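Worksheet: one structure, shown below.
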Amino acid sequence: RWTEALTRRDKDDLRCPVVCILGHVDTGKTKLLDKIRRTNVQDREAGGITQQIGATYIPADAIRDRTKRLQDTEPFDIKVPGLLVIDTPGHESFNNLRSRGSGLCDIGILVVDIMHGLEPQTIESLNLLKMRKTPFVVALNKVDRLYSWKEDPEAPIRDSFAQQNKDVKREFKERMDKANLTFAENGMNTALYYENPDVRSYLNVVPTSAHTGEGIPDMLQILCKLTQERMHEKLMYVDEVQCTVLEVKMVEGLGTTIDVILINGVLREGMTVVLTGLNGPVVTTIRALVTPQPMRELRVKSAYVHHKEIRAAQGIKIVAPNLETVIAGTQMYVQTPEDDLDELKDEVNTEMQDVLSRMDKSGEGVSVQASTLGSLEALLEFLKSPAVKIPVSHISIGPVNKRDVMSASVMHEHKLPEYATILAFDVPVTQEAQQMADELNVKIMTAEIIYHLFDQFTAYMQNIREEKKKNAADIAVFPCRLTILPNCIFNKKDPIVLGVEVAEGICKVGTPICIPSKDNITLGRIIGLEKDKKAVDTARRGESVAMKIQSTNPTEAARLYGRHFDHTDELVSLITRKSIDLVKEHFRDEMEKADWQLMVKLKKIFEIQ
Ligand code: GDP
């Protein structure tokens, strides 16, 4: 089918590139989008800018019009039919523009506030773009906030700069340098787009103001340039339908509908389509294809225009039966006369399997829940990354329900209470689920930013580790070998008090002590250490301390210095298999190589396997 599609494609028949805006909150994403969409409300229809479902179509004519001033100095041909800008900026829609792990967004705009530089969500967006290998342009927004900026509405950015005074130019340069530096720290080279030495190794930065519209002509031009020059192949129109579900929505009078972005091909009323549902593939028939009513037609009753057929690229609402369980962020397949329905269903299943395959196979790990397949995939990808490495045993889409809490609680049976945790990304938790979680001791962490979930879980794990360490401290025994100082015997019977030198290892309060040269007889536990008349917890190799040992059973209480042992006998800590394991698990950071070597010697003495 692909080869057939290939023969039908025409070199110059390009489809619209799909543009997605990302960035930290309050950097001006929405404002920038508004400005790109309608510089001038009156011109809106005249310029042919049309509101679609979930996206705005900016035709080449409108771009030509908006970049007129720039054309004088920078003439260029627009070859794409226009730009399709996704209307909801942010991760969610970017994540959902996906197909089998690759991105369907052709180019991204990463918005950075020039006054704030790179912020946490900027980095998160950066990582998402990198993960999906999506090319992008940086909008260094809010340049109008530079002190004493002189505005020239809608101007190309170099025209604006030419009019600024020395101080503005200096401040800009300082902030630009700083942004370059932080991008470099995050593994990206950046350059002002008109000074870019090599677009293959440097990201383009376009200074913009969403308030004055300055730099927006530059942004539009560079989006066209980059896509038509560098993605020609990818943008060639093909007949094969490529369509992704952005949202599933209830609409009064229409029932459950899906908002899709049609990237390639043609959709018609009456077509049979296959979608991914929560409980398996959904086969249905397109009842209606609608887009919003143009602004000037607001008199008409219906909010929508119906289409018999629609060609890519477009944002469309689809009305069809049985859409209730459809998962956002999945592909929609169309059945052509050559297609076998079962094969299409298999394809749908493969997509789900692809995502499932990112889970931990051993079945040990946290539960992960997200609102759409796109965000679930992004979250799984993130949890799997080498810097994070949180194992996942269970995934689910939609609100956190009792059923999800039940499956997370299974980790208690596996003796892995820390994994009895649900990381819920951008989904609500039902009241019953929360109640049940409290009863079953399942922790639910919610967040709208992936990083926040990670931070919460890491802090939680840290806590658990500290807690375990505290519990283990009583049983974990550090290796030590002590020689008795003959002139420092302060009490010969229980509790024995004597001066010792730490010959090897680490000596701690709480350590059980025994005498290898006397058949491993035990003396009790160290209950106090003093160095230079001050109480200490720990003494290390080479240190001399006074030590108080108290018996823990009657035989130990009978041991007398001078009768059962004397200064010629060495004392060592009494270790066990369990105590070694605990040191390994919790106190690795306190042990040095020589300490482990002593541990091995002691293991031999006590014949521990
Ligand atoms: P979003 O959260 O990224 O979508 O940010 P918004 O578009 O909602 O903008 C956040 C705030 O910054 C709003 O108060 C905007 O008016 C303001 N803002 C956005 N862009 C600019 C700009 O270019 N210049 C100035 N001065 N303010 C801006």
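Specify the residue that is nearest to Asp106 (Cα to Cα); the eligible residues are those in segment 11-27 that are surrounded by fewer than 24 Cβ atoms within 10 Å (Cβ to Cβ) and near the ligand (Cβ under 8 Å from one of its atoms).
Among them, the one singled out is His24.
Mind counting the residues in segment 193-225 that are touching a strand residue (DSSP E or B) at 6+ places or on another chain (Cβ under 7 Å), within 16 Å of the ligand (Cβ to nearest atom) and assigned to a helix (DSSP H, G or I)?
Qualifying residue count for the region: 2.
Scan segment 466-498 residue by residue and report those that are surrounded by 14 or more Cβ atoms within 10 Å (Cβ to Cβ) and in a helix (DSSP H, G or I).
Hits for segment 466-498 are Lys468, Lys469, Ala472.
Within segment 108-130, is even one residue among the basic types (Lys, Arg) and closer than 17 Å to Leu203 by Cα?
For segment 108-130, residues among the basic types (Lys, Arg) and closer than 17 Å to Leu203 by Cα: present.
Just to be sure before I move on: is Thr30 at pLDDT below 90, surrounded by fewer than 24 Cβ atoms within 10 Å (Cβ to Cβ), within 15 Å of the ligand (Cβ to nearest atom) and within 29 Å of Gly398 (Cα to Cα) in the structure I sent?
Values: at pLDDT below 90: no; surrounded by fewer than 24 Cβ atoms within 10 Å (Cβ to Cβ): yes; within 15 Å of the ligand (Cβ to nearest atom): yes; within 29 Å of Gly398 (Cα to Cα): yes.
Here the answer is no, as Thr30 does not meet what is asked.
Yes or no: Leu571 surrounded by 15 or more Cβ atoms within 10 Å (Cβ to Cβ), in contact with a strand residue (DSSP E or B) (Cβ under 8 Å, 6 or more places away or on another chain) and without any contact (Cβ under 8 Å) to a residue 40 or more places away in the chain? So that I can check it myself, show each step before the final result.
Working: surrounded by 15 or more Cβ atoms within 10 Å (Cβ to Cβ): yes; in contact with a strand residue (DSSP E or B) (Cβ under 8 Å, 6 or more places away or on another chain): yes; without any contact (Cβ under 8 Å) to a residue 40 or more places away in the chain: no.
In short, no.
For the subset of segment 308-321 comprising residues that are assigned to a loop (DSSP other than H, G, I, E, B) and loosely packed, with under 14 Cβ neighbours inside 10 Å, which member is farthest from the chain's Cα centre (by Cα)? Steps first, please.
Keep residues of segment 308-321 that are assigned to a loop (DSSP other than H, G, I, E, B), which gives 308, 312-313, 320-321.
This time we only want the ones that are loosely packed, with under 14 Cβ neighbours inside 10 Å, so: 308, 321.
Details: Lys308: 40, Pro321: 35 Å.
Only one residue tops the list, namely Lys308.
Among residues belonging to segment 73-110 that are away from the ligand (no atom under 16 Å from the Cβ) and part of a helix (DSSP H, G or I), point out the one that is farthest from Ile53 (Cα to Cα). Break it down stepwise before answering.
Filtering segment 73-110 for residues away from the ligand (no atom under 16 Å from the Cβ) gives 73-84, 95-107.
Subset that is part of a helix (DSSP H, G or I): 73, 95-96.
Values: Thr73: 36, Asn95: 17, Asn96: 15 Å.
Looking at the filtered set, the residue picked out is Thr73.
Of everything in segment 61-102, what is in contact with a Phe, Trp or Tyr (Cβ under 7 Å, 6 or more places away or on another chain) and among the aliphatic types (A, V, I, L, M)? Give them in sequence order. Explain how you work it out, then say what you get.
First pass over segment 61-102, keeping only residues in contact with a Phe, Trp or Tyr (Cβ under 7 Å, 6 or more places away or on another chain): 82, 84.
Leu84, the sole residue that qualifies.
Of (1) touching a Cys at 6+ places or on another chain (Cβ under 6 Å); (2) modelled with pLDDT under 80, Gly90 satisfies all except one. Which?
All conditions are met except number (1).
Failed condition for Leu571, given (1) in contact with an Asp or Glu (Cβ under 7 Å, 6 or more places away or on another chain); (2) in a strand (DSSP E or B), with all others met?
Answer for Leu571: the failing condition is (1).
Are any residues in segment 251-295 small (Gly, Ala, Ser) and either within 19 Å of His306 (Cβ to Cβ) or assigned to a loop (DSSP other than H, G, I, E, B) (or both), and if so, which ones?
Taking segment 251-295 first, the residues small (Gly, Ala, Ser) are 253, 255, 265, 270, 277, 280, 288.
Correct list: Gly253, Gly255, Gly265, Gly270, Ala288.
Has segment 142-150 got at least one residue that is within 32 Å of the chain's Cα centre (by Cα), away from the ligand (no atom under 16 Å from the Cβ), part of a helix (DSSP H, G or I) and surrounded by fewer than 18 Cβ atoms within 10 Å (Cβ to Cβ)?
no
Taking Met411 as meeting all but one of (1) in a strand (DSSP E or B); (2) under 20 Å from Tyr460 (Cα atoms), write down the number of the exception.
If we test Met411 against (1) in a strand (DSSP E or B); (2) under 20 Å from Tyr460 (Cα atoms), just (1) comes out false.
If you take the residues of segment 574-609 that are assigned to a loop (DSSP other than H, G, I, E, B) and of a type in the set (A, V, I, L, M), which of them is nearest to Ile464 (Cα to Cα)?
Applying the first criterion (assigned to a loop (DSSP other than H, G, I, E, B)) to segment 574-609 yields 574-576, 587, 591-592, 606-609.
Restricting the remaining residues to those that are of a type in the set (A, V, I, L, M) gives 574-575, 591, 608.
Details: Leu574: 27, Ile575: 25, Met591: 21, Ile608: 29 Å.
Result: Met591.
The values are calculated or read from the model by the stated rules, or taken from the named source; none is laboratory data. All of these numbers come straight from a predicted model, not from anything done at the bench. Neighbour counts run over all protein chains shown; Cβ positions are idealised from the backbone, glycine included.
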